[in-house]
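Comments concern the structure below.
The values are calculated or read from the model by the stated rules, or taken from the named source; none is laboratory data. All of these numbers come straight from a predicted model, not from anything done at the bench. No Cβ is skipped: glycine too gets one built from the backbone with ideal geometry, and neighbour counts run over all protein chains shown.
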Amino acid sequence: MLGFLNSTILLAATAALIPLIIHLFSRRRVKIVPFSSLRHLKAMQRRQVRRLRIRQLLLLIVRMLIILAVVLAFARPTVETGGVGSHAAVSAAIVLDNSASMNRYVADGNLFQLAHLRTSELIETFGEADQIQLLPLDHTGFSVDAFPPGSPASVLEQLQNIHAGSSLADLEGGLENADEFLSDASNLNREIYIVSDRQRRSLPNQPVLADSDARTHLIELPFQPDGNAGIISVDFGGQLLIPGHNFEIAATIRNYGSEDQADLIASLFLDGNRIAQSDFSVTAKGETVVRFDRSVSHTGLHSGFVEISDDRFMADNRYYFSFKIPQRFNLLIIGDGDAGQFVSLALTPDATTNQYWSVKQVPSAELAGINFADYDVVVLSGIPTLDELFVRRLHAFVRGGRALFLIYDGATDIDNFNQHWSDATGLTYDEAVQQNFTQSGYYVLESVELAHPVFSVFNLENSNLPEMKYYTLPRMQASPGATILARFSGNRPALIENRYGNGRVLTFAGAFTPRYSDMTGHAFFVPFISRIAEYLAADLSSYERHLFAGDHISRSLVVPGQVEMSLRMTTPDSSVYALQPEEDSDMLIVHPAPVDQPGIYRITYLGREIDRFAVNLRSDEADLAAVDYDQFAAAIGAEQYHQLPADGDLSGLLAELRFGKELWQLFLWAAVILIMIEILLSRSPVQEEEA
């Protein structure tokens, strides 16, 4: 059956009528002139006119056929079968999986390099008339627009720029792009080639190719299941990091294989030195935790990684971390209430000798000129009513990674609290404290989270908590996302922690002042307040945030003075990029890019390092479990597919799978032949005479 790949051009076939129209309008009328009787000449004239008319009719037909043949050639006529014509051209989308899971070793070598080589061999099977689009599944670090459709030669050049990434495979997005490209393609053969390890975790959420009419080909790769083990997290447990004091680093290791693994080694590297190692074993499909107990000798920025024994998949054998220990903690107390004064005295009983804390207390009406970025912790004593501008600045302060401590007081306006601070604290007050009460009855701390850093240093037990009396308490409720660290008797929340943006907020729900409680006179008060302040001020955000390759990352920075030049970011491979900061209240916000490889990233300003953060591989990529070809085809919506072998010649196999012939060359040759006939017919030795 004859079809046309460019059927819209057939409208131009009407141009074949142009010679006929010209012929009809240019016919000369015969002028009769009386003359003497020349009977034998008239007979000869009739014979010449008859030959002339036949030649003109042939020229008309040939010229019309020339135009029709050219139009049909441009319309690209095709037949699905046949022995004449050239092979139908191909539009092909090649989906190449270059995600982190492909960068592993198999018996024949590196899996991605083998896939890269096979993709190159596949591209070389196409002809210059074919159109190909190469679609990498991990395009972290470059734009997918960098891979436009093109000829085999141009696509081979694109292939040389594709490397194994460190992020997830976006199989669904890659197939959607392939389907979109092929739906607009003009060639008779439309094909999708998928070069992937068929990782179970990368399967799309919907059968993208269910409505596609393109032929699907799955390229086999020479890989086999292996017992991969990898580090999925490194945790500091929210500890307070102080120079000279030991802290624990816990690395969680998962065995993805079906066999136990034993006699493995985990090593801890800190600030460029290997400082500890430990043997471990992990059961099949199980997890184990390896713990290191170490300290650092000085304040400032620190970084390192935990590394385990090599296996076939190296990318998840190392997990990076970073942290910062400030030289001095700065705390700002806002409010006129007595609670702020008690907090200040607890932290700095003698301002002339204490060098660990710098505490400043200001009334709520005198915040103009205060730069919140100069402080690690802000305390709202009595939770005073603040101007909207300062409320917004404090919200930005916490979202940027800093800490806020709110202390309820008898004078606290709970309506103002619920309006401005409920989201940040995860707490809503239903009823304020009673003002008319006796001290005959009281509440006490009934239970605490013993493992939390605020309480873990005290060696407490819930059965022997210190008895601090609270004569009246407000009524409140915590949101599901908040964590209640301590409770009063009657199951009332006492200390509530909430994450807000990149920072944290602690709220003490009872009043400190002697009228409402005897807490400030208890020996537990000073170490309790010190511990809360230390916990909030410790810069734990760098390792509590889990950053992964390919993420869109924001960092909140403090740079003394006016920033007049761009910041510099150094990546793990020592590449340097300029970063333009954005101002957000008192903070500087930067969006580091690119972050396409695991490792430690450093941000500097005028040659001084001001930030350091760790980026790791997502644990999803470490699970190398694959589905079989039928399951994979069903997941992507390919009802029929062809498996192409991992080695051997592809050109002959693909030639058998393709169909159709294009006839445009035949019509073009027909036009050329007709033009030659037209030239011969138009050249006549007999000059046309006027009739």
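Against the condition assigned by TED's automatic domain parsing to the domain that holds Arg531, surrounded by fewer than 19 Cβ atoms within 10 Å (Cβ to Cβ) and more than 40 Å from the chain's Cα centre (by Cα), how does Leu460 come out, does it pass?
yes
Yes or no: Asp293 more than 19 Å from Arg318 (Cα to Cα) and touching a strand residue (DSSP E or B) at 6+ places or on another chain (Cβ under 8 Å)?
no
If Gly257 passes every condition in (1) surrounded by 17 or more Cβ atoms within 10 Å (Cβ to Cβ); (2) in contact with a Leu (Cβ under 8 Å, 6 or more places away or on another chain) but one, which one does it miss?
(2) is the only condition that Gly257 fails.
Under 9 Å between Cβ atoms, at least 6 apart or on separate chains: pull out the pairs that start in the stretch 163-190 with a residue that is touching a residue at least 40 places away in the same chain (Cβ under 8 Å) and within 26 Å of Ala100 (Cα to Cα) and end on any residue that is of a type in the set (Phe, Trp, Tyr) and in a helix (DSSP H, G or I).
Hits for this filter: His163/Phe112; Ala164/Phe112.
Take Thr483 and tell me if it is of a type outside the set (A, V, I, L, M, F, W, C) and under 44 Å from the mean Cα position of the chain (by Cα).
Yes.
Kindly provide the set of residues from the stretch 490-502 that are touching a Phe, Trp or Tyr at 6+ places or on another chain (Cβ under 8 Å), surrounded by fewer than 22 Cβ atoms within 10 Å (Cβ to Cβ) and either in a strand (DSSP E or B) or not assigned by TED's automatic domain parsing to the domain that holds His452 (or both), ordered by number.
Arg492, the sole residue that qualifies.
Can you name the residue in the stretch 627-652 that is touching a Ser or Thr at 6+ places or on another chain (Cβ under 9 Å) and aliphatic (A, V, I, L, M) and is also nearest to Val590 (Cα to Cα) among such residues?
Only one residue tops the list, namely Ile636.
Give me the residue from the stretch 672-691 that is of a type in the set (S, T, N, Q) and modelled with pLDDT under 70 and, out of that set, nearest to Ile67 (Cα to Cα).
Result: Ser684.
Scan the stretch 287-300 residue by residue and report those that are modelled with pLDDT of 95 or more and either β-branched (Val, Ile, Thr) or not in a strand (DSSP E or B) (or both).
Result: Thr288, Val289, Val290.
Of everything in the stretch 145-169 that's part of a helix (DSSP H, G or I) and in contact with a helix residue (DSSP H, G or I) (Cβ under 7 Å, 6 or more places away or on another chain), which residue is nearest to Arg200 (Cα to Cα)?
Leu159
Going by the structure shown, is Asp336 surrounded by 22 or more Cβ atoms within 10 Å (Cβ to Cβ), touching a residue at least 24 places away in the same chain (Cβ under 8 Å), on the phi < 0 side of the Ramachandran plot and outside any strand (DSSP E or B)?
So Asp336 does not fit the description; no.
Please list, ordered by residue number, the strands (runs of 3 or more DSSP E) wholly in the stretch 553-611 having 3 or more residues that are at pLDDT 85 or above.
567-570, 576-579, 599-605
Just one of the numbered conditions (1) exposed (fewer than 13 other Cβ atoms within 10 Å of the Cβ); (2) touching a strand residue (DSSP E or B) at 6+ places or on another chain (Cβ under 6 Å); (3) charged (D, E, K, R) is not true of Asp415; which one?
Every condition holds for Asp415 apart from (2).
When you look at Ala432, is it more than 35 Å from the chain's Cα centre (by Cα) and free of Cβ contacts under 8 Å to residues at least 60 places away in the same chain, yes or no?
In short, yes.
Conditions (1) closer than 21 Å to Arg531 by Cα; (2) modelled with pLDDT under 90; (3) assigned by TED's automatic domain parsing to the domain that holds Asn371, marked per residue:
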{"position": "Gly400", "(1), (2), (3)": "no, yes, yes"}
{"position": "Phe405", "(1), (2), (3)": "yes, no, yes"}
{"position": "Thr425", "(1), (2), (3)": "yes, no, yes"}
{"position": "Gly441", "(1), (2), (3)": "no, yes, yes"}
{"position": "Pro453", "(1), (2), (3)": "yes, yes, yes"}
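Which of the residues that make up the stretch 440-455 are in contact (Cβ under 8 Å) with a residue 24 or more places away in the chain and not hydrophobic (A, V, I, L, M, F, W, C)?
Those that are in contact (Cβ under 8 Å) with a residue 24 or more places away in the chain and not hydrophobic (A, V, I, L, M, F, W, C): Gly441, Tyr442, Tyr443, Glu446, Ser447, Glu449, His452, Pro453.
Search the stretch 498-518 for residues that are farther than 18 Å from Pro474 by Cβ and touching a residue at least 60 places away in the same chain (Cβ under 8 Å) and pair each with any residue that is of a type in the set (Ser, Thr, Tyr) and in a loop (DSSP other than H, G, I, E, B) when their beta-carbon atoms are under 9 Å apart and the residues are at least 6 apart or on different chains.
Within 9 Å, the pairs are Asn502/Ser554.
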